[in-house]
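A.B. asks: Have a look at this one.
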Amino acid sequence: MKNKTLNIIVCVIVAVFVFTGGLWTGIRFDYLKECLNDLHNNVIQRSFSRRTSGSISEDIDSIPEDIINEPDIEPVAEAMNLIFSNSLKVKSDKELVEAAIRGMISVLDDNYAEYFTAEEYQKIMESYSGTASGIGVVVTLDEEGRVVVVRVLEGAPASETDIKEGDIIIGVDGTDITDMDLEKVVAMIKGKEGTSVNIKIYRPATGETFKITVIRAKFDIPNLVSDIFEEDVGYVWYYDFQIGGVNQLDREIKKLINNGARGLILDLRNNPGGAWDDAIEVSDLFLNEGKIVSVKGRSNNKERTDEYIASEGKYTGIPLVVLINEFSASASELVAGALKDNNRAILVGEKSFGKGVVQALYELSDSSGIKFTTAKYFLPSGISIDGIGITPDIIVEQKPDDKEDLQLNKAIEEIKTLINSAE
């Protein structure tokens, strides 16, 4: 059987320095270009107007009526004005607005809520486009919350340095990144093509700590690798859902079939998720009909439910096995669950992570951004996997010190059985 053809480190959650979004469920991209800025300006204008002339600006018509009738919002503008004008420690209007936004995010009790500066937000969106400027390393958070290098991308700047798989990143440009959000670390390491970044590394294998300077470069973000096993088993490790990623997957499956593949293994292990639309479209490649997923949440101050129904897929007849493990999360769970519930694929591996909520990523008027949970998704069977995960049809435990990829071996065995049954 196959040895570990991909040097996968088990027990990781993959994110790429060119940014994949960590454990986001698949991101629904919306743009709130004016709302927050208008609200801020209008509230300040209303506050000043009442103190000077007793009148309210007509511009307040652009604020929702329920907010206009809520007097508690005025203290926000008053506090900003008082602090800006009188605080011994001087802060700019921009800093105060940012602090107010972070404060709103903090009260949501939402582990996935985050505020991004304009620079960070731009890097996130760039990464979802499939290209980015960075160093080209796949990283993860280990059980101790440390940023660990999982893979160095071939041809990327990091591949020309001494950075190795298993290295732990402990500092970026002189900043200690201990306990820092992975998304923030990713944004710090990314940057303009041709600029340099200083990475401080701890290497557990030798116990040494050292620094490496890497010159950033622009490159395509890979989201899959493929192979053919035993002459007729197509294999795709799909490790990142990104905008348009399904097109790469479509092309790769065509190549595999043209090269003799009669069955397919879709490997979603250690896949943390990514773009929502890509997860829907990947599922739809293999389904002719049926529900892919339903989403229940809030939008524009209203409760709403959306259902995503499969259309005619391209690869509905090819035998299919999907690999998952405990770090297959969010969008990858959506795909695995949709294919399992529609009896389209056999799932092999270990129970998935269990993230069944959806975050929306909004761009604000100053080009910064906010992310927070807006909905929960439900598999075709009607269940929510949030906090539960998906149990595969065939459970195969994989330990870090196993010399062979036992899960992949079992997947090959199962797909061969399906291929023979289809003859």
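The values are calculated or read from the model by the stated rules, or taken from the named source; none is laboratory data. The shown structure was predicted, so the numbers you read here are calculated from the model rather than taken from an experiment. Don't worry about glycine lacking a Cβ; one is built from the backbone with ideal geometry, like all the others, and counts go over all protein chains shown.
A.B. asks: What tally of residues in the range 330-363 results from selecting those that are acidic (Asp, Glu) and either modelled with pLDDT under 95 or within 16 Å of the chain's Cα centre (by Cα) (or both)?
C.D. replies: Residues that pass the stated criteria total 2.
A.B. asks: Out of the range 154-174, which residues are over 18 Å from Ser196 (Cα atoms) and in a loop (DSSP other than H, G, I, E, B)?
C.D. replies: Glu154, Lys164, Glu165, Gly166, Asp167 - these are the residues of the range 154-174 that are over 18 Å from Ser196 (Cα atoms) and in a loop (DSSP other than H, G, I, E, B).
A.B. asks: Inspect the range 204-211 for any residue being surrounded by 15 or more Cβ atoms within 10 Å (Cβ to Cβ), in contact (Cβ under 8 Å) with a residue 12 or more places away in the chain and either in contact with a strand residue (DSSP E or B) (Cβ under 7 Å, 6 or more places away or on another chain) or over 30 Å from Glu281 (Cβ atoms) (or both) and give the result as yes or no.
C.D. replies: Looking through the range 204-211, none of the residues is surrounded by 15 or more Cβ atoms within 10 Å (Cβ to Cβ), in contact (Cβ under 8 Å) with a residue 12 or more places away in the chain and either in contact with a strand residue (DSSP E or B) (Cβ under 7 Å, 6 or more places away or on another chain) or over 30 Å from Glu281 (Cβ atoms) (or both).
A.B. asks: Consider Lys123 carefully, then state whether it is exposed (fewer than 14 other Cβ atoms within 10 Å of the Cβ) and assigned to a helix (DSSP H, G or I).
C.D. replies: Here the answer is no, as Lys123 does not meet what is asked.
A.B. asks: For the range 175-200, how many residues meet the condition of being in a loop (DSSP other than H, G, I, E, B) and more than 20 Å from Ala156 (Cα to Cα)?
C.D. replies: Here the count works out to 5.
A.B. asks: I've got another one for you. Return yes or no: is Asp232 among the acidic types (Asp, Glu) and assigned by TED's automatic domain parsing to the domain that holds Asn409?
C.D. replies: In short, yes.
A.B. asks: Which members of the range 219-238 meet the condition of being part of a loop (DSSP other than H, G, I, E, B) and either of a type in the set (Ser, Thr, Tyr) or at pLDDT below 90 (or both)?
C.D. replies: Residues satisfying the conditions are Ile221, Pro222, Asn223.
A.B. asks: Taking only the range 312-351 into account, find how many residues are in a strand (DSSP E or B) and hydrophobic (A, V, I, L, M, F, W, C).
C.D. replies: Residues flagged as in a strand (DSSP E or B) and hydrophobic (A, V, I, L, M, F, W, C) within the range 312-351 amount to 8.
A.B. asks: Moving to a separate point now. Which condition breaks for Ile63 when tested against (1) modelled with pLDDT of 85 or more; (2) out of contact with any Phe, Trp or Tyr (no Cβ under 8 Å at 6 or more places or on another chain); (3) among the hydrophobic types (A, V, I, L, M, F, W, C)?
C.D. replies: Against the list (1) modelled with pLDDT of 85 or more; (2) out of contact with any Phe, Trp or Tyr (no Cβ under 8 Å at 6 or more places or on another chain); (3) among the hydrophobic types (A, V, I, L, M, F, W, C), Ile63 comes up short only on (1).
A.B. asks: Condition (residue is part of a strand (DSSP E or B), within 30 Å of Gly313 (Cβ to Cβ) and touching a residue at least 60 places away in the same chain (Cβ under 8 Å)) applied to the range 239-250: is it met by at least one residue?
C.D. replies: yes
A.B. asks: Report, by residue number, each residue of the range 378-412 that is assigned to a helix (DSSP H, G or I) and free of Cβ contacts under 8 Å to residues at least 60 places away in the same chain.
C.D. replies: Leu406
A.B. asks: If I go through the range 346-401 residue by residue, how many of them are touching a strand residue (DSSP E or B) at 6+ places or on another chain (Cβ under 7 Å), surrounded by 17 or more Cβ atoms within 10 Å (Cβ to Cβ) and among the β-branched types (Val, Ile, Thr)?
C.D. replies: 9
A.B. asks: Moving to a separate point now. Kindly provide the set of residues from the range 169-188 that are touching a Phe, Trp or Tyr at 6+ places or on another chain (Cβ under 7 Å) and either at pLDDT 95 or above or outside the structural domain of Val137 (by TED's automatic domain parsing) (or both), ordered by number.
C.D. replies: Ile170
A.B. asks: Additional query: What pairs come out if I take residues in the range 307-326 that are in the same structural domain as Asn409 (by TED's automatic domain parsing) and pair them with residues that are loosely packed, with under 15 Cβ neighbours inside 10 Å and assigned to a loop (DSSP other than H, G, I, E, B) whose C-beta lies under 7 Å away, six or more apart or interchain?
C.D. replies: Ala310/Asn288; Ala310/Glu289; Ala310/Gly290; Glu312/Asn288; Gly313/Asn288; Thr316/Asn288
A.B. asks: While we're looking at this one, here's another question. So for the range 228-238 (the condition being surrounded by 18 or more Cβ atoms within 10 Å (Cβ to Cβ), under 23 Å from Gly354 (Cβ atoms) and not β-branched (Val, Ile, Thr)), does at least one residue qualify?
C.D. replies: Yes, there is a match, as at least one residue in the range 228-238 is surrounded by 18 or more Cβ atoms within 10 Å (Cβ to Cβ), under 23 Å from Gly354 (Cβ atoms) and not β-branched (Val, Ile, Thr).
A.B. asks: Out of the residues in the range 285-311 meeting the condition of being hydrophobic (A, V, I, L, M, F, W, C) and part of a strand (DSSP E or B), tell me which one is farthest from Leu264 (Cα to Cα).
C.D. replies: Val295
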